[in-house]
Amino acid sequence: MINIMAAEASNPAAGVTWDLSALFSSPQDPKINETWAACHAQAEEFAAKYRGRVQSGELTGAELAEAMKEIEAITLLATKPPTYASLLFAADASNPQNGAFYQAQSEEMSMARVKLAFFDLELQAAPQEWIEPLLADPALASYVHAINVTRVYSPHRLSEAEEILLEETSNTGSRAWVRLHDEILSNHVFKLADPDSGEVKDLSQEEVLHLLRSPNRALRQAAADSLSAGLGELNRVIVFIYNTLLADKKLEDRLRRFGYPEQSRHMANELSEETVDLVADLCRDNSGMVARYYKAKQELLGLPELTHVDRYAPLFEAEELVDWPTAREMVHSSFQEFHPTLAKAAQEFFDSNWIDAEVRKGKTGGAFCSYITPDLHPVILMSYQGKIGDVMTLAHELGHGVHASVSRVQTPFNFQGTLPLAELASIFAEMLVFDKVIQGASVKDQAALYADKIEGIFASVHRQASMYRFEKRAHRQRRESGELTKEEFAAIYQEEMQSMFQDSVHLGEQHGDWWSYISHFFFAPFYVYAYSFGELLTLSLFQRAKNQGPGFAEQYLDVLQRGGSETPQQLMGRLGVDLTDREFWQEGFDSIDRMVAKFEDLKKKLPGES
Ligand SMILES: [Zn+2]
C-alpha cells in the first residue's frame, strides 16, 4: 500500500543530514595531518623494505601476504582524507574552501601513490613460475584475486621509467584534451528561442537537456534546436578532440601490445570479449520491445510520429508526494520481505545518520553512495523531494549502501566489486521497492511508474549498447583509415542509435551531432557497456529470485558480502549463473518484455483509451 501524503513543500527531508565524524571532525581536524604523516612515513618504510624484492622472487608466500597487508593499511590511510574532502565538497560545492581542501587532499594522495607505484609494477614483472606456487600458499588466500587482477596486465606493462613518463605526460596529453572537452561544453552558452514569447535565453547544456523532458512539445523542439546549434558551434573543436583521443588510444594500445580497442576495458571489468559482445548483440536483437513501447507512447501522446524530440516526453504529471517517514517505511518493508538482513542493514543508515537527504543550496546534484573504507561505514547523499522517483533513488542508493555494509567483512582490496557488478545491489533494491509500490497504486500511477521504469531500462540497456557499438566502429575506423569527419561520426551515431528504435522513433538529422556531448566517450572509452550489462544481469537475477523463493535470498546475500573478492564469473557462479549463457541474458530481456506488455495492458484501462 502506498500511503501518499502531502509532504512538506519541496523539502520533505529537511534536517536529514549525514554525520561524517567517523572520518574527521572538520577540515581543521589535526587528525588529517597526522593521517598524512603516518601515511607518507609508512609508504617510505614500505618502499625501503620491499623495492626490488617482489620481482626478484625472494619473498615467501607469508612475506608477500605481509606486504599486501601493509600496503592495504597505507591505502586505507591515503583514502580517508580525500574521501572526507570529496564528501564535504558534494555537500556544499558553493563553498570555495571545500574545493581547495579537496584539491589539496587529492594532491597529497597522488604523492603517496607515486611512492607505492613500484609495487604493482614489480608484481606484474614477477615471473609466472615463481608467482604460481606462491598463490597456492594459504597465507595468500585472501589476496589471490587482487594479485591476479594486477598481474593480468603483466603482458601490457612498460618499464617504470616509461610508465612514469606516460603518467606525467598524459596531464598535458589525453587528460588535457578530455578537460578541454569538458570545459568548452560546460561553459558554452546555448541560445534558446522561447516558443511562446520568441525571447532568446542563454542556457547551459544541463538546462537544455532538461527541457527535452518538458511536457510542451514546442519547448522540446526549441531545446533540440538549441542543443544542435550549440554543438554545431563547437563541432570543429570536438571532432578534433575526439579524433586526437582516438589516436592517443591507438598509440597507447600499440605501446602496451593490446590487440583491439576494447581489450583494456574488458580486462579491467574482468570480462571476456565473447561475453560482452554476446550481450551487446542481444541488445540489438531485442529492440522489438523498444519499438512496441514507443508505439504505445506515441498513441498516448497523440502525436502523428515520434522523433528525437519526443523520446523523453513525460506521459503523466505526478502531483502527489511521499513524505520521508513513508518513503523510509516503503523501502524497509520491501527489503524486509526479501530478507531481514537487508532491512536491518538499511535501517542503520537512518538510525546512525548515514544519509544526507535534505534539499540544500550548493549541494551537488544527483545521488551516490560512498563506500568509504571497510573499517568505517558507507554514507549516502541525495536530495529528497518526495516524488516517487525520489523513493526509487533512495531504494537504489540503499541497495548500494547495504552492499557496502555487508561487505565490510572484506579487507580493503576485496571490499568493492568490479564495475559490471557495481550496480547489482542497487538495481535489485529498486526492483524490490518497485514491485511493492506498484501493488497499491491506481491504474494511472501504475502506468506512470511502468513508463518511467521501462524508459530507464531502455536508457541503460539498449541505449548504452548502441553507444558501445558506436565507439567500436569509431575506434576501428580511426585505426584503419585515419581521422573521421563530422559527417562520418554523425552517420555511425545515427545508424547505431536508430537501430534500437526500429521504426518507432525517427531520429531527425539534427540528432547526428548529439554523440559529441557524451562525456564517457572522451574520458572512459567503452565504459558505457557496463550499464547495459549491469541492468540486464540484475533483471535476469531478479526473475530468478522470484522463481526460486527464499533460498535465493540467502545465496544473494552471501554474494553481496563477498564484495570484490572474486571475479564476476565466480560470484555469479555462486548464484548458478553462467555469464556466457545466452539463455541467462535472454531472461533479462524477457522480463523487460513482460513490463512492456503490462504497460500496453494498463494503457487500455486508462480513461479514453481502448
Ligand atoms: Zn548506482
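The values are calculated or read from the model by the stated rules, or taken from the named source; none is laboratory data. Here the structure is a predicted model, which means the values were calculated and not measured. Here the Cβ positions follow ideal geometry from the backbone for every residue, glycine too, while neighbour counts run over all protein chains shown. SASA here: full protein model, heavy atoms, side chains in, ligands and nucleic acids out. Shrake-Rupley method; radii C 1.70, N 1.55, O 1.52, S 1.80 Å.
Summing charges over neighbours of VAL16, with a neighbour being any other residue whose Cβ is under 9 Å away from its Cβ, gives -2 when K and R count +1 and D and E count -1.
Would you mind checking which residues have amide H under 5 Å from VAL577's amide H? H placed 1.01 Å from N; only 5 or more apart, or other chain. Those lying under 5 Å, H to H, from VAL577: there are none. Pairs over the 28 Å Cα-Cα cut-off, from the set LYS80/LYS363; LYS546/LYS603; LYS191/LYS249: LYS191/LYS249. Karplus-derived 3J(HN,Hα) values for the stretch 353-361, using 6.51 cos²θ - 1.76 cosθ + 1.60 with θ = phi - 60°, are 6, 9, 10, 10, 10, 6, 7, 9, 5 Hz; glycine and proline are entered as x.
Semi-axes of the equivalent ellipsoid of the stretch 506-610 are 31, 26, 11 Å, computed as sqrt(5λ) over the eigenvalues of the C-alpha gyration tensor in descending order.
This model, with +1 at the C-beta of Lys and Arg and -1 at the C-beta of Asp and Glu, gives the chain a dipole about its Cα centre of some 440 debye. For the chain, the longest principal axis of the Cα atoms and the long axis of helix 464-481 meet at an angle of about 60 degrees. Here the label points at HIS188 and LEU158, each 7 Å from Cα along the C-beta direction, are separated by 3.2 nm in the simple model. 3J(HN,Hα) along the stretch 535-546: 5, 5, 4, 5, 4, 5, 5, 4, 5, 5, 4, 5 Hz, from the Karplus curve 6.51 cos²θ - 1.76 cosθ + 1.60 with θ = phi - 60°, whole Hz, x for Gly and Pro. Rounded, prolate or oblate for the stretch 419-510? Axes are the square roots of the Cα gyration tensor eigenvalues, ordered a ≥ b ≥ c, and the cut-off for rounded is a/c under 1.5. In terms of gyration-tensor shape, oblate.
For the stretch 524-610, applying the loop criterion from DSSP together with a ceiling of 13 other beta carbons within 10 Å to the GluC sites (Glu not before Pro) yields GLU609.
Working note: Karplus 6.51/-1.76/1.60 with θ = phi - 60° gives the stretch 342-352 the couplings 4, 5, 5, 5, 6, 4, 4, 5, 7, 5, 9 Hz, where Gly and Pro are set to x.
Considering only LEU557, VAL200, MET330, whose Cα is most displaced toward the positive end of the charge dipole of the chain, charges sitting on Cβ of Lys, Arg (+1) and Asp, Glu (-1)? It is VAL200, whose Cα lies furthest towards the positive end.
If R0 equals 45 Å, the separation of the Cβ atoms of LYS250 and ALA22 corresponds to a calculated FRET efficiency of about 0.50. Per residue of the chain, the DSSP helices (runs of n ≥ 4 H) give a summed -39500 (n - 2.57) that works out to -21000 deg cm²/dmol at 222 nm.
For the stretch 368-522, the square roots a ≥ b ≥ c of the C-alpha gyration tensor eigenvalues yield an a/c of 1.5 or more together with a/b not exceeding b/c, which makes the shape oblate. Looking at the chain alone, DSSP beta bridges between its own residues are antiparallel in about 65 percent of cases.
Here the accessible area is traced with a 1.4 Å probe on the protein chains. For the chain, carbon and sulfur cover 52 percent of it. An ellipsoid equivalent to the stretch 50-203, defined through the eigenvalues of its Cα gyration tensor, has semi-axes of 45, 19, 15 Å when rounded to whole angstrom and sorted largest first.
With the whole protein complex present, MET111 retains an accessible surface near 100 Å², based on a 1.4 Å probe. For the chain, find the longest principal axis of its Cα atoms and tell me its angle to the long axis of helix 388-406, 0 to 90°, nearest 10. Taking Cα atoms only, the helix is inclined about 20 degrees. Remark: the chain carries 43 Å² of accessible area per residue (probe radius 1.4 Å; ligands, DNA and RNA excluded).
For q = 0.08, 0.10, 0.12, 0.13 Å⁻¹, what log10 I(q)/I(0) does the chain give under the Debye formula with an equal point scatterer on each alpha carbon and no solvent? Once normalised to I(0) and log-transformed, intensities are -0.63, -1.03, -1.56, -1.84. For LYS201, the residues whose amide H sits under 5 Å from its own are LEU192, ALA193, ASP194, ignoring neighbours fewer than 5 places away on the same chain, with H placed 1.01 Å from N.
Taking 25 °C and 0.890 mPa s as conditions, the stretch 230-317 diffuses translationally at an estimated 142 µm²/s according to Stokes-Einstein applied to its Kirkwood radius (Cα pairs). Per the Kirkwood formula applied to alpha carbons, the stretch 570-610 shows a radius of gyration over Rh ratio, Rg over Rh, of 1.32. If R0 equals 30 Å, the separation of the Cβ atoms of GLU554 and SER333 corresponds to a calculated FRET efficiency of about 0.90. Once backbone amide H atoms are built at 1.01 Å from N, LEU306 has HIS506 as its partners under 5 Å, excluding neighbours fewer than 5 places away on the same chain. What is the distance in Å between the Cα centres of the stretch 172-205 and the stretch 282-305? Using only Cα atoms, the two centres lie 31 Å from each other. Debye-formula intensities of the stretch 156-196, expressed as log10 I(q)/I(0) at q = 0.15, 0.23, 0.31, 0.35 Å⁻¹, are -0.55, -0.79, -0.97, -1.05 (one equal scatterer per alpha-carbon, no solvent).
Between the Cα long axis of helix 324-338 and the first principal axis of the chain there is an angle of about 70°, rounded to the nearest 10. What does the C-alpha gyration tensor say about the overall shape of the stretch 18-125? Classify as rounded when a/c is under 1.5, otherwise prolate if a/b is larger than b/c, or oblate. Judged from the Cα gyration tensor, the stretch 18-125 comes out prolate (a/c at least 1.5, a/b above b/c).
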